[in-house]
Ligand SMILES: Nc1nc2c(ncn2[C@@H]2O[C@H](COP(=O)(O)OP(=O)(O)OP(=O)(O)O)[C@@H](O)[C@H]2O)c(=O)[nH]1
Ligand SMILES: [Mg+2]
């Protein structure tokens, strides 16, 4: 499947999610609820934002790194103009700043410059990282030589955003060829040394380390003039940024649409999960009532029904109906087919429960029938009552447990529908080529339910 298909699948998925959630209070049995609406508005906004970015085909490339590594200079180098302020003092860039990179006509590329990660304090830094890394389709992590402890930690932290990343080794003009090679090798080690770090290994491969000299330092040259004069002059070597630019363009060309698609889907998935969690929390009371009611009626029907197999069928139908009722109550997207799948999963995850119901249905059901068959003495009536009560109790408890587990599954499962974000993510990830930069994210973002 081509990246164009990935793009279209993602767009459809987000459009559907948006149209569902924009009116999802109406799907519920309850009237639109202002409290709920307000509670989930930021999640809705996030889905809208992701869809909007996808439709604009706006690729965001963010530069991260510690102070003075040349983040702004690298972005200027890509742009080919000095659009971002740079300077030798620490903390030149104080706030994230975006600039348009007009290099391709089909896509919009936005370069995002950020302050040094050691420049801003913990709370703000985390917020900035979340916001910028969250929307980035590609991250450039800029270092300038040996990687420090802080850099290493920052890199690991950024990695948790599951975004493709290029490690930019800038200021190579400051290193003689030999040292440069050595540092490059060490950086590669970061990516391959399983002993010290297995996590980072998934992120870096030699192809993802690029060397640049975005703004080479001027150096002094001694000029000997024909007339015997000797002067010292300053010269600057030409910046080395082409390799990085080509690398980025190659990535965008090969998998830009897939990157956009995945990023939008991951953002939507996060938002949908939060949305489900909030909804379930807010409707807790009604949900308890629903579950309790189903448990009660299921128990009664099962207890008083005289035909053994019917108990089991009625029980199953009641469970399914309960799952559907909960989905309706929450207004979360769930078809009968999906409700069936959830039910299956629940049964497998709580095999004991299934066995209990099955066992009690067969044994007690038969016991109940036999007892009912000879309804003469007080003794048989008592044993019937006992069997029916026990069976009803087990059935009711089953419904109650299923209701509880269903809540948990609804929380996680709403993105697993046919066009759900999780489904499409898995689909795309299963199709990426091994040489793609998103390939290594396969295990990270393709988490199964
Ligand atoms: N020698 C050399 N110096 C560079 C290179 N790139 C940037 N610099 C210099 O490093 C200093 C910091 O560059 P900036 O681009 O401002 O670095 P930054 O990472 O954006 O720094 P903050 O915004 O302060 O976090 C400036 O004086 C640049 O001229 C390079 O490739 N080689
Ligand atoms: Mg800067």
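The values are calculated or read from the model by the stated rules, or taken from the named source; none is laboratory data. Here the structure is a predicted model, which is why all the values come from computation and not from measurement. Ideal geometry is used to build each Cβ from the backbone, glycine not excepted, and the neighbour counts take in all protein chains shown.
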**Report entry** Selected residue (criterion: nearest to residue 257 (Cα to Cα)) from residues of the range 48-87 that are free of Cβ contacts under 8 Å to residues at least 24 places away in the same chain, more than 14 Å from ligand 2 (Cβ to nearest atom) and part of a loop (DSSP other than H, G, I, E, B)
**Finding:** 80
Query raised in the report: Does residue 95 satisfy being free of Cβ contacts under 8 Å to residues at least 24 places away in the same chain and in contact with a helix residue (DSSP H, G or I) (Cβ under 9 Å, 6 or more places away or on another chain)?
Result: yes
Query raised in the report: Does residue 119 meet the test of being within 8 Å of ligand 1 (Cβ to nearest atom), surrounded by fewer than 19 Cβ atoms within 10 Å (Cβ to Cβ) and touching a residue at least 40 places away in the same chain (Cβ under 8 Å)?
Result: yes
Query raised in the report: residue 203: modelled with pLDDT under 90 and more than 23 Å from the chain's Cα centre (by Cα), yes or no?
Result: no
Report task. Could you identify the single residue in 63, 46, 50 that is within 16 Å of ligand 1 (Cβ to nearest atom), within 30 Å of residue 272 (Cβ to Cβ) and touching a helix residue (DSSP H, G or I) at 6+ places or on another chain (Cβ under 7 Å)? Result -> 63
Query raised in the report: How many residues, within the range 73-99, are within 26 Å of the chain's Cα centre (by Cα) and more than 14 Å from ligand 1 (Cβ to nearest atom)?
Result: 1
Query - Qualifying positions in the range 88-99 - within 9 Å of ligand 2 (Cβ to nearest atom) and either modelled with pLDDT of 95 or more or surrounded by 14 or more Cβ atoms within 10 Å (Cβ to Cβ) (or both) - result: 92, 93, 97
Requested in this report: Please find, within the range 100-112, the residue that is nearest to ligand 1 (Cβ to nearest atom) out of those that are modelled with pLDDT under 95 and closer than 13 Å to residue 241 by Cβ.
Outcome: 101
Report summary line: Those residues of the range 234-264 which are at pLDDT below 90 and assigned to a strand (DSSP E or B) amount to 235
Requested in this report: Provide a single number: the residues in the range 120-155 that are within 16 Å of ligand 2 (Cβ to nearest atom), modelled with pLDDT of 85 or more and part of a loop (DSSP other than H, G, I, E, B).
Outcome: 1
